[in-house]
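Take a look at the structure set out below.
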Amino acid sequence: MRTYNELSPSPRTIMTPGPVEVDPRVLRALSYPILGQFDPEFTAYMNDTMEMLRSVFQTNNRWAFPVDGTSRSGLEAVLTSLIEPGDKVLIPIFGRFGHLLNEIAVRCGAEVTTLHAEWGTVFDQEEIVSAIKREKPDLVAVVHGETSTGRVQPLERIGPACREAGALLVVDAVATIGGVPVKTDEWGLDAVVGGTQKCLSVPSGMAPITFNERAERKILSRKRVERGIRPPGYEEPEGLGAPIQSNYLDLAQLMDYWSPTRLNHHTEMTSMLYGLREGLRIVLQEGLDNRFDRHRLNESALIAGLEAMGLALYGDPSCKMTVVTCVTIPEGVDGESVRTMLLDLFGIEIASSFGPLKGKIWRIGTMGYSCSRKNVLHLLGAFEAVLLRHGAEIKAGASLQAALDVYEGK
Ligand SMILES: Cc1ncc(COP(=O)(O)O)c(C=O)c1O
């Protein structure tokens with residue numbers, strides 16, 4: 001019989017837009033003993049997690065909890081629960097993940113109108129506001145931080161326009177939460193989906209979400225209680241909207257599970273909840289503002305180092321996302337070969353991109369636990385060496401000095 005080696009993953013320096021390195025405290029939390037999902041000790045951890053998520057999402061919403069599954073499970077849960085077949089949905093697209101929102105909305109039976117901005121740019125908010133006035137959608141879904149292009153879409157004028165038009169605003173903040181301000185209440189966002197594996201630095205496998213009472217009303221108008229757990233004498237209210245297509249991602253049922261009712265739904269991902277709770281505790285211990293400052297400082301040092309080498313950054317700098325830096329691959333350099341050498345010789349991982357940008361840019365993440373001076377300096381030194389090995393015409397010797405100047409405040 002074949003025997004298998006003991007699992008022993010290599011320690012890596014992960015400078016991608018996710019998944020990123022995880023604080024050892026989170027890894028330790030993942031190994032704690034299992035508790036039953038209705039054990040009061042465990043439900044207290046669930047409540048702590050809800051409370052900490054409210055702080056991270058900068059909201060007073062009652063509803064803030066993780067959906068079990070990767071970030072797109074959070075997107076699917078929110079969109080499936082809020083979109084009834086035939087609803088009008090508006091989706092501004094400026095990269096791969098806008099297309100994902102469109103794909104999910106179409107599968108929900110929505111009548112979707114899309115807007116398109118050239119990849120590497122974002123929308124002038126007025127363009128989206130005009131489209132809301134023109135199209136009168138029931139729901140608008142937009143990405144905040146587009147990891148495929150490294151751009152961030154300003155949102156503060158879109159929330160009020162949606163309120164005025166009676167539309168719900170759903171935001172994909174998977175890549176920004178915990179690294180870049182996401183002001184759920186101040187910006188008037190009705191539902192926001194975050195990611196664990198990026199700036200929160202928790203492994204992939206849960207999707208923190210929050211939504212307000214406007215969204216809650218729509219969800220409850222479609223609420224069905226599973227037949228097998230209905231209390232005796234339960235009668236379904238009349239006049240409900242279309243049933244929510246998914247059982248697993250049905251937010252009406254998940255609300256009952258995350259409320260004091262604790263109505264049984266799926267079996268909670270106990271260990272992941274421990275990990276998320278510890279990850280959120282770390283974020284709040286650091287403080288949101290300190291954390292945003294740390295992400296900005298390391299971004300500045302990285303950019304200074306890359307530009308000192310003579311590399312060109314991709315995309316419109318006025319909407320650059322702090323936590324993802326895209327670099328144009330120089331003419332004649334094999335981008336994949338550079339990535340392989342970085343990984344094989346230096347243990348550093350950076351990312352390529354998707355669709356029209358495949359083979360054209362590298363994407364470097366500075367997210368969460370991976371966003372450190374050590375990692376930025378390690379990457380810049382290694383990147384310079386590997387690029388020289390590939391015959392790239394770059395300026396040698398200047399990169400680390402430029403980054404060190406930033407760290408020294410020069
Ligand atoms: C902006 C954005 N949205 C959605 C997703 C999908 O997340 P997941 O792969 O965790 O399902 C990603 C993943 O990279 C992302 O960057």
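The values are calculated or read from the model by the stated rules, or taken from the named source; none is laboratory data. Keep in mind it's a predicted model, so treat the numbers as computed, not measured. Neighbour counts are summed over all protein chains in view; Cβ atoms, including those assigned to glycine, are modelled from backbone coordinates with ideal geometry.
Could you tell me whether any residue of the range 174-194 is of a type in the set (Phe, Trp, Tyr), at pLDDT 95 or above and under 21 Å from PRO66 (Cβ atoms)? Talk me through it step by step, then tell me what you get.
Narrowing the range 174-194 to residues of a type in the set (Phe, Trp, Tyr): 187.
Remaining after also requiring at pLDDT 95 or above: 187.
Pick out the ones that are also under 21 Å from PRO66 (Cβ atoms) and you get none.
No, the conditions are met nowhere in the range 174-194.
Look through PHE94, PHE42, PHE38 and report the one residue that is within 16 Å of the ligand (Cβ to nearest atom) and either among the small types (Gly, Ala, Ser) or assigned by TED's automatic domain parsing to the domain that holds ALA215 (or both).
Numbers: PHE42 fails: within 16 Å of the ligand (Cβ to nearest atom); PHE38 fails: within 16 Å of the ligand (Cβ to nearest atom).
On inspection, the qualifying residue turns out to be PHE94.
Restricting to the range 1-35, name every residue that is assigned by TED's automatic domain parsing to the domain that holds VAL174 and among the hydroxyl-bearing types (Ser, Thr, Tyr).
SER31, TYR32 - these are the residues of the range 1-35 that are assigned by TED's automatic domain parsing to the domain that holds VAL174 and among the hydroxyl-bearing types (Ser, Thr, Tyr).
Yes/no matrix, rows are residues, columns are (1) among the β-branched types (Val, Ile, Thr); (2) modelled with pLDDT of 95 or more; (3) in a helix (DSSP H, G or I):
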| residue | (1), (2), (3) |
| --- | --- |
| ILE364 | yes, yes, no |
| VAL376 | yes, yes, yes |
| LEU379 | no, yes, yes |
| ALA382 | no, yes, yes |
| LEU388 | no, yes, yes |
| GLY391 | no, yes, no |
| LYS395 | no, yes, no |
| LEU400 | no, yes, yes |
| LEU404 | no, yes, yes |
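Aliphatic (A, V, I, L, M) and modelled with pLDDT of 95 or more: does that describe LEU357?
Numbers: aliphatic (A, V, I, L, M): yes; modelled with pLDDT of 95 or more: no.
No, not satisfied.
Taking the range 69-91 as the region of interest, how many residues are out of contact with any strand residue (DSSP E or B) (no Cβ under 6 Å at 6 or more places or on another chain), within 16 Å of the ligand (Cβ to nearest atom) and not in a loop (DSSP other than H, G, I, E, B)?
4
Filter the range 30-50 for residues that are surrounded by fewer than 13 Cβ atoms within 10 Å (Cβ to Cβ) and of a type in the set (D, E, K, R); which is farthest from ARG107 (Cα to Cα)?
Among those that are surrounded by fewer than 13 Cβ atoms within 10 Å (Cβ to Cβ) and of a type in the set (D, E, K, R), it is GLU41.
For ALA173, work out the one condition from (1) without any contact (Cβ under 8 Å) to a residue 24 or more places away in the chain; (2) within 21 Å of the chain's Cα centre (by Cα) it doesn't fulfil.
(1)
Of all residues in the range 123-149 being within 16 Å of the ligand (Cβ to nearest atom) and small (Gly, Ala, Ser), which is farthest from LYS198 (Cα to Cα)?
The residue in question is ALA141.
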